[in-house]
Amino acid sequence: MKLKQITAALVAATMFASNPVFAQAGSKVSGDVVKIGVLTDLSSTYSDLAGPGAVIAAKMAIADFSKDGTVIGKKIELVSADHQNKADIAANKAREWYDKDGVDVIVELVSTNVALAVMEVAEQKNKITLVSGAASLPITNEKCTANNVHWTYDTYALSNGTAKAVVKQGKKNWYFITADYAFGAALEKDSTNVVNANGGKVLGTSKHPFPNSDFSSYLLKAQASGADVVALANAGQDTINSVKQASEFGINKKQTVVPLLMFITDVHSLGLNAAQGMYLTEGFYWDKDEKTRAFAKRFILQHKRMPSSVQAGVYSSVLAYLNAVQKAGTDDTQAVMKALKSTNIDDGLFKGKIRADGKFEHDMYLLEVKKPSESTTPWDYYNIKAVIPAAEATQPLSLSRCKLVTNK
């Protein structure tokens, strides 16, 4: 071999050895480490329901899976970043993590625009995404990918829980105040379908920027409509501001304000005086049983707040991912996805299975916010009104527009 060829070979060998994506090319684990990325909102509208608590939940899952922080003999590493609810920032971070940092799976991904952008990158790079925070049905419908699982909840479940319960109480005429991005549109659409199917009618809708602070003009239009229900198709701080301002206008005295997506962190911020009597749909409640309470007590010691369903979903998804890597004996994407989809999941927080379209199908809960007089301990906020069975809470596969289902 000529000197130039030898030199080139040595340079190439050095480059591959120093790059975690290419190191240990013959290993069952890429880069000789299993790396998990939590990409979430650490500083804005959704930081309370996801954010730092999601990172803590992921760390708890790793600790519960392995005392020494390993899987199939390889080290587990966790990284996190703030996507600021911007699709371009999220996509760029995903590319960096997948290409340069050897990240195997990205979890959480609150806000639909972020989730869809990162799912696209993951599909291109043949990597995995596990969505806990975003809600839109298209994630497992027309925008589905073979490498994604939608973990905690979606707009179909929210509509078939909260919207159905309210319209069946005889509150037929609805007016929507909707966040003007993919999530808000999906939640309004799915809820409208439920309202119409149960004999109700939508009188109008107002779309607001995301995020937003002043809802006065939208609330006044809703008030003028005379609708029975003012439905809030938004989330996080937008929902909190909407409810507070609706109360200031006295709207809740003559009309029913219905947050179609609300978390326990939102109720905590509002207080029971403002939130009492409201219905909401969740996939997790910390006070449901002994197992959820045990998890919550550990979580609150670290985060000083009870876990939201999104944060519980991050714990569940990370734990399931690591179990799938263990079962597959590798972090290879296809092998891990096969293991995920072939295993019944029951981790004490969620119980169910992952369908062909990537939806984690599990029970949901219709909840009513307690009156202050009913709450006996801190964070004792909900009465469980009904369990929504997994099959009812999930769009039937017969209606799916997911390519993984329709191409079969």
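Some points to look at:
- Taking N as its residue count, the alpha carbon Rg of region 212-304 over 2.2 N^0.38 Å: 1.24
- Area accessible to solvent at residue 305, 1.4 Å probe radius, in Å²: 60
- Trypsin sites (Lys or Arg not before Pro) restricted to region 58-123 and DSSP loop, no more than 11 other C-beta within 10 Å: 67, 100
- Cα-based convex hull volume of the chain per residue, rounded to whole Å³: 141
- Percent carbon-and-sulfur accessible area, the chain, ignoring ligands, DNA and RNA, probe 1.4 Å: 52
- Candidates 397, 109, 260: whichever shows maximal mean-square fluctuation once the chain is modelled as a Gaussian network with Cα springs under 10 Å: 397
- Across 77, 290, 123, mean-square fluctuation computed from a Gaussian network of the chain (C-alpha pairs under 10 Å connected) peaks at 290.
- With the helix formula -39500 (n - 2.57) applied to DSSP H stretches of n ≥ 4, the chain reaches a computed 222 nm mean residue ellipticity of -12000 deg cm²/dmol.
- Distance from the alpha carbon centroid of region 238-299 to that of region 74-127 works out to 29 angstrom.
- Assigned charges on the beta-carbon of Lys, Arg, Asp, Glu; region 335-408 dipole about Cα centre (debye): 520
The values are calculated or read from the model by the stated rules, or taken from the named source; none is laboratory data. Fair warning: this is a prediction, and the values are worked out from it, not measured in the lab. We place every Cβ from the backbone using ideal geometry, glycine too, and count neighbours over all the protein chains shown. Just the protein is used for accessible areas: all its heavy atoms, side chains included, with ligands, DNA and RNA removed. Shrake-Rupley method; radii C 1.70, N 1.55, O 1.52, S 1.80 Å.
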